[in-house]
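Here's the structure, in structure tokens; my notes come after.
Read the figures in this text as sums done on the coordinates, not as results from a lab. Because the structure is predicted, anything quoted here is derived from the model rather than measured. All Cβ positions, even for glycine, are placed from backbone atoms using ideal geometry, and neighbour counts span all protein chains on display.
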Protein chains: 2
Amino acid sequence: MQITQLDLSDDIIDLGVGQPDPSLLPLAVLRQAATHRLTQPDASLLQYGMEQGNEYFRLSLAQFISDGYGMPVDPDRLFITAGATSGLDLVCARFTSPGDTVFVEEPTYFLALRLFADRGLNVVGLPTDENGLVVETLEEKLAEIRPAFFYTVPTFHNPSGVTLTASRREHLVRLSEQHGFYIVADEVYHLLAYTTEPPPPMVSYDTSGMVISLGSFSKILAPGLRLGWIQAAPDPIRRMTRSGLLLSGGGMNPFTSAIVQSAVELGLQRKHLNRLIGIYRQRASDLEAALNETLSASTTFIPPGGGFFYWLRLPQDLDTAALRDTAKRNGVNFQPGLNFSAGGELHNFMRLCFVYYDSDRLREGVRRLAAVIP
Amino acid sequence: MQITQLDLSDDIIDLGVGQPDPSLLPLAVLRQAATHRLTQPDASLLQYGMEQGNEYFRLSLAQFISDGYGMPVDPDRLFITAGATSGLDLVCARFTSPGDTVFVEEPTYFLALRLFADRGLNVVGLPTDENGLVVETLEEKLAEIRPAFFYTVPTFHNPSGVTLTASRREHLVRLSEQHGFYIVADEVYHLLAYTTEPPPPMVSYDTSGMVISLGSFSKILAPGLRLGWIQAAPDPIRRMTRSGLLLSGGGMNPFTSAIVQSAVELGLQRKHLNRLIGIYRQRASDLEAALNETLSASTTFIPPGGGFFYWLRLPQDLDTAALRDTAKRNGVNFQPGLNFSAGGELHNFMRLCFVYYDSDRLREGVRRLAAVIP
């Protein structure tokens, strides 16, 4: 019986999977946090919650994010979501209409493309380089059309691993102010820095309320919780809380919020995150060594410095989607670049994830992969 | 600091509130269930879950619903949601486009109207009587326009308390088959029967996959869990699981699902529901007695037999929305009928809820109300 989203065969090392290692899921943390919270004589976590999310939880969360981001975070600018995806869907609901245009990076997070398609949005991909979005091309595009928002993964990008530089962040936010479009910054990897300290998150550059930042407990605690947050200015927060969805259902996940609040306040979240960073740093380093040792020089990548992914560029004439069947027959899998393209390009790229498997499996995966890359 | 969706003053008895009594929220049940689940050496509840919802949970849930509904329930026809509202929003996302028409009952659940407005849907209200929807008027309306779906609360209606008869259910489902529109049945009150056994739920009349039934743990366990289900045929279920929202986020609430699964399997859910039924039955009876004793004969109602609400009809020349300020000054509040109307009507109705307060407060509320109804 299949009990999680993916049902992986033991025969295949699927480096395409962008999920946490099941053996690192913090069951003991949640047990301790749940016991702590549910033995308090306060049943309010079982009632319809405030649309914006419980204020005590937002206070603890603000403190936690503030420590991680190295900047003050105002709890009134936090809005609790059922994960970054639910946050992005709510942003689409409240800030777009079908037929609107949104800008994304090329490459971009492939399932965000699915979400935008479901909302009837036109998606325009903008080129990126080793420093993230090439902001000048955005400026040119803005002369033609103003998007409802620009969706970006500014730090440790999914899939490319690159991080938008501080000066480009500055430039991007100024453009959003001048042209009146929101920046929807998917910052779920920001706290997962291994070898590179990223610039401050996008919200820290925001002086006029144009940045809507998505955060999540999926990457730092557990995806099954369906818990995340949006950080934004009062006006966009208000617009989100006034949706029929929230007025009817109340806050998005009060029960889980309260348990995770205990995990944060007991220091368990911080401790778990530190543990993940140590393990993921080692895995990234081991995968990178294996790639360097095993693959030919015609396959290149930019070391990511944090996050979940390596993004391999293969020779221009290779089609990674077509390579997949051979790879699977050889016991390895990956995400082909095409999936991450708004314009049907990137056929010679592939995404590898280093958090699902341990170093031995990663090395074995790269060995199998090398055997099928011509 | 406000910690739940509503921050009620002690001075006002707000009979408009459609939420469970805070003193009846089952903290001990959730504590026991969480301990049971989180001490098992299985962390799968923390991983991205299956889009349709965990299969073990769906098995337990199917058994539980089956007992309550008195009909077999196929776990493959269940889809786990983050509450009935999230289910309804997902149905709108997958089965409507902005500009589409949906039919509702007049009166209807007021926050569903908000949700439909957010989705850009045109809403047409259809008349009801003491037996629910007047199906003939639906038939006439269908000659003009085919809706994307008909949204109905067939059992212990919110706000009117009425229950659609078996023969009308039959008729309604046949019409949906002939004309090709879905019936979205909000059946969240079905298991809360006090004095009347309702006909089988709408799904039991469905032979061609046109009924999408919304269920929820909000009314039978706790709203803060954000957990519910959809019961439908394989085709609509498939359509829902293939949304970008679910592909990206995985199943809707795996962590809470697993804990509630323990509550169901340990018999705690059944026991809590039985307790609620006993208490709510008494409160309904006490409210009804107070209404009969205190209000003039010009105010009438149909005893609901289950659910949460009494729906009062006042003399035609009264406007309950206008009456509200006076009522509040006299320490009582209610939901004016206008809120439940798709067509801006029902000004001489009001909704009273009997589950939030105990019998003493309900009687005092009615006393205060009587003093302000001319």
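Cβ-to-Cβ counts within 10 Å put A:10, B:7, B:67, B:89 in ascending order as A:10, B:7, B:67, B:89, the fewest first. The simple spin-label model puts a point 7 Å past each Cα toward its Cβ; for residue A:319 and residue B:285 those points are separated by 7.4 nm. Neighbours of residue B:367 by Cβ distance under 14 Å: Lys/Arg scored +1, Asp/Glu scored -1, total -1. From least to most packed, judged by other beta carbons within 10 angstrom and beginning with the fewest, B:188, A:372, A:264 follow the order A:372, A:264, B:188. Computed on chain A, with alpha-carbon pairs under 8 angstrom and 6+ residues apart, the relative contact order is 26 percent. Residues whose amide H lies under 5 Å from that of residue B:121, counting only those 5 or more places away or on a different chain, are B:99; hydrogens are built 1.01 Å from N in the peptide plane. If Lys and Arg each add +1 and Asp and Glu each add -1, what is the summed charge of the other residues whose beta carbon sits under 15 Å from the beta carbon of residue B:346? Value of the local net charge: -3. Per-residue Cβ neighbour counts within 10 Å put B:347, B:179, A:190 in the sequence B:179, B:347, A:190, beginning with the fewest. Computed on the range A:31-137, with alpha-carbon pairs under 8 angstrom and 6+ residues apart, the relative contact order is 18 percent.
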